[in-house]
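Novice: One structure is given below, represented as structure tokens, and several questions about it will come after.
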Amino acid sequence: MLTANRPETRLATRLAFLVAGFGVACWAPLVPFAKQRLQVDTLGLLLLCLGVGSVAAMLLAGVINSRHGSRPIILAGGFGLAVLLPLLAVAGSPVSLGLTLLGFGAALGSLDVAMNIHAVEVERAAAKPLMSGFHALFSVGGFIGATLITFLLSSNIYSAHAKIRKLAGRIMRKLSVIESAISRHRLGTSARRKWSIASANSR
């Protein structure tokens, strides 16, 4: 029977803490840019979605963990962070940002609960103190995430993305104008045809 006192279980636990710290640190520097991008004064209410999602997921994670173990929750939370984190940088409306923050908080909260439960089991099986080392990896992940985002922002990658978004917006507006012009042309053509048919019938 497999036990929790194995090198691979300790490595998996360390990686879970590393991923959680990385995710939190990557989002934090993007907050002022999100406010600037969306031009909203109620960003605090949007950020509240992160806490709501996290607390709700924490309450469910404990119940799910007691029935199915911590592994599926850790995997789901980790993949959720990986998918939702890029969306936080490109959310184009307050509603999309709020929903993304809700999901991001849920992924982070469930991962936090499951990885700590798993860490307790691993430490108990190893019969030696490991928890401080696990939480140290959370700080290491935070350092890596903050360093990476700082590098990306200083490299003007964010501004380049903003220019691409602005260009895409202009293209969409032009396409809308073209579509409206085509629709008016079709309506005009249809009206002329009907008038021609009516004139021919009257003769």
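Laboratory data are not the source of any read-out in this text; all were calculated from the coordinates shown. Everything quoted here is computed from the prediction, not taken from an experiment. Cβ sites come from the backbone with ideal geometry, for glycine too, and all protein chains shown count toward neighbours.
Novice: Semi-axes of the equivalent ellipsoid for the range 1-151, please: Cα gyration tensor eigenvalues, times 5, square-rooted, ordered largest first, whole Å. Walk me through the numbers before you get to the answer.
Specialist: Numbers: eigenvalues 188, 57, 22 Å².
Gyration-tensor ellipsoid for the range 1-151: 31, 17, 11 Å.
Novice: With labels modelled as points extended 7 Å from the Cα through the Cβ direction, what inter-label distance (nm, one decimal) is found for residue 126 paired with residue 150?
Specialist: Between residue 126 and residue 150, the simple spin-label model gives 2.9 nm.
Novice: Give the separation of the Cα centroids, the range 27-48 to the range 66-141, in Å.
Specialist: Between the Cα centres of the range 27-48 and the range 66-141 lies a distance of 22 Å.
Novice: Further, regarding this structure: Tell me, what HN-Hα J-couplings in whole Hz come from the Karplus equation 6.51 cos²θ - 1.76 cosθ + 1.60 at θ = phi - 60° for each residue of the range 74-87, using x for Gly and Pro?
Specialist: Result, rounded to whole Hz: 5, 5, 5, x, x, 5, x, 4, 5, 7, 7, 4, x, 5.
Novice: Give me the one-decimal nm value for the distance between modelled label points at residue 15 and residue 39, 7 Å along each residue's Cα-to-Cβ direction.
Specialist: So the label points at residue 15 and residue 39 sit 4.4 nm apart.
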